[in-house]
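In what follows, a single structure is set out as structure tokens and then discussed.
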Amino acid sequence: MKAFPPPYTEHFSVIKTSQVLLLLAIISLITGCSRLLFYPYKTHVRTPEQLGLTYTDISLTTRDGIKIHGWFLPAQGRLKASIYFLHGNAENVSTHIMSVAWLPEQGYQVFMIDYRGFGLSEGEPGLPDIFMDIETGFDWLSARSQNKPVFLLGQSLGASLGIFFAGTRPAVKNQLDGVISDSSFTRYKDIVRHAASTTWLTWPLQYPASWLMAYPYDPIDVIDRIAPTPLLIVHGTADTIIPFEHGQRLYDRAGEPKQLLKTAEGHIQAFMRPEQRLNVLEFLNRIVAKSH
């Protein structure tokens with residue numbers, strides 16, 4: 001399996017920006033503005049070409065007229081399936097690409113988008129509008145799946161959004177052959193409470209803040225609706241941003257068939273390790289084999 005350089009770290013690391021963002025979520029309770037839940041970065045810091053990957057820039061327009069940008073990475077050799085990737089919070093596709101750069105050589109074409117306000121995408125991020133971005137990208141990839149299986153792969157916030165997206169749209173679920181959730185949280189109020197508890201400044205706010213976080217988009221409330229589509233939940237026991245218990249609770253609530261990949265890594269770090277990539281490939285390849 002091809003080796004890639006380590007994740008980009010010159011700007012804020014994903015973990016550090018996640019910590020900042022989670023604290024900003026507490027401030028959003030005062031303003032009532034969901035945009036403060038998101039921490040976008042406009043500049044691209046690398047391209048797939050710099051990683052030796054073939055790619056195409058894709059521009060799509062959402063139902064509300066926002067242009068969003070994405071990268072399409074074609075499969076190398078025979079196409080096995082399509083992967084729709086929803087990245088985590090902070091920065092943009094250029095800093096999250098390492099999570100999926102290894103998939104094309106395994107026969108999987110990948111489409112990854114930047115939500116509105118991230119990278120080259122127009123607009124400002126916010127709930128529930130961001131689901132229109134996810135829908136637009138999913139429809140584009142589905143039309144180009146060549147009758148091969150389609151998988152949704154989300155990380156961190158992207159995993160939480162992806163679970164809600166798949167769990168609340170029967171037509172989408174019916175088109176999916178599998179869902180992979182890496183480091184998702186259970187509820188917005190749970191993750192805000194955890195973030196507030198990590199510093200002395202916000203510790204007294206953890207319960208008042210969580211009580212006021214009333215977004216109706218919590219993945220744990222809908223994850224059981226993904227069944228009978230196969231579900232793989234990936235979560236690291238060393239995750240200090242979204243503790244492992246979130247992944248365990250999501251797994252317990254989900255319907256069959258489901259699988260929990262418990263790793264020793266930190267937040268969205270599992271795919272940096274070859275052995276964890278192989279575990280994910282086993283999940284993907286098993287479903288692809290059954291589709292023939």
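Read the figures in this text as sums done on the coordinates, not as results from a lab. Because the structure is predicted, anything quoted here is derived from the model rather than measured. Positions of Cβ are backbone-derived with ideal geometry, glycine not excepted, and every protein chain shown enters the neighbour counts.
Only one residue in LEU260, LEU250 is surrounded by fewer than 21 Cβ atoms within 10 Å (Cβ to Cβ) and at negative phi, so which one is that?
LEU260
Taking the conditions exactly as written (free of Cβ contacts under 8 Å to residues at least 40 places away in the same chain and surrounded by fewer than 24 Cβ atoms within 10 Å (Cβ to Cβ)), does PRO74 satisfy them or not?
Taking the combined requirement at face value, the residue satisfies it.
Can you work out which of the residues in region 266-292 that are touching a helix residue (DSSP H, G or I) at 6+ places or on another chain (Cβ under 8 Å) and surrounded by fewer than 20 Cβ atoms within 10 Å (Cβ to Cβ) is nearest to ASN89 (Cα to Cα)?
The selected residue is GLY266.
Which numbered condition trips up ALA143, out of (1) closer than 23 Å to SER183 by Cα; (2) among the hydrophobic types (A, V, I, L, M, F, W, C); (3) without any contact (Cβ under 8 Å) to a residue 12 or more places away in the chain?
ALA143 satisfies all of (1) closer than 23 Å to SER183 by Cα; (2) among the hydrophobic types (A, V, I, L, M, F, W, C); (3) without any contact (Cβ under 8 Å) to a residue 12 or more places away in the chain except (1).
Please go through region 110-132 and give me each residue that is under 19 Å from THR95 (Cα atoms) and either crowded, with 19+ Cβ neighbours inside 10 Å or of a type in the set (Gly, Ala, Ser) (or both), ordered by number.
Selection gives VAL110, PHE111, MET112, ILE113, ASP114, TYR115, ARG116, GLY117, PHE118, GLY119, SER121, PRO125.
Which residues, counting only those in region 256-292, are touching a residue at least 40 places away in the same chain (Cβ under 8 Å), not small (Gly, Ala, Ser) and not in a helix (DSSP H, G or I)?
HIS267, ILE268
Among the residues of region 57-71, is there at least one that is buried (at least 22 other Cβ atoms within 10 Å of the Cβ), out of contact with any Pro (no Cβ under 8 Å at 6 or more places or on another chain) and among the hydrophobic types (A, V, I, L, M, F, W, C)?
Yes: one or more hits.
Of the residues that sit in region 146-171 and are more than 18 Å from ASP218 (Cβ to Cβ) and not small (Gly, Ala, Ser), which one is surrounded by the most Cβ atoms within 10 Å (Cβ to Cβ)?
Applying the filter and picking the extreme gives LEU153.
If ARG78 meets every condition in (1) assigned to a loop (DSSP other than H, G, I, E, B); (2) touching a Ser or Thr at 6+ places or on another chain (Cβ under 7 Å); (3) over 26 Å from TYR188 (Cα atoms) apart from one, which number is that one?
Of (1) assigned to a loop (DSSP other than H, G, I, E, B); (2) touching a Ser or Thr at 6+ places or on another chain (Cβ under 7 Å); (3) over 26 Å from TYR188 (Cα atoms), only one is false for ARG78: (2).
Mind checking which pairs have a first residue in region 39-59 that is free of Cβ contacts under 8 Å to residues at least 24 places away in the same chain and a second that is assigned to a loop (DSSP other than H, G, I, E, B) and surrounded by 11 or more Cβ atoms within 10 Å (Cβ to Cβ), Cβ under 7 Å, 6 or more apart or different chains?
GLU49/TYR55
So, restricting to strands (runs of 3 or more DSSP E) that lie completely within region 90-198, which ones have at least 1 residues that are aromatic (Phe, Trp, Tyr) and within 29 Å of THR237 (Cβ to Cβ)?
Answer list for region 90-198: 108-113, 150-155.
Taking only pairs six or more apart or across chains, which ones have beta-carbon atoms under 6 Å, a first residue in region 217-234 that is crowded, with 17+ Cβ neighbours inside 10 Å, and a second residue that is in a strand (DSSP E or B) and among the basic types (Lys, Arg)?
Pairs that qualify, where the first residue is crowded, with 17+ Cβ neighbours inside 10 Å and the partner is in a strand (DSSP E or B) and among the basic types (Lys, Arg), are LEU231/LYS258.
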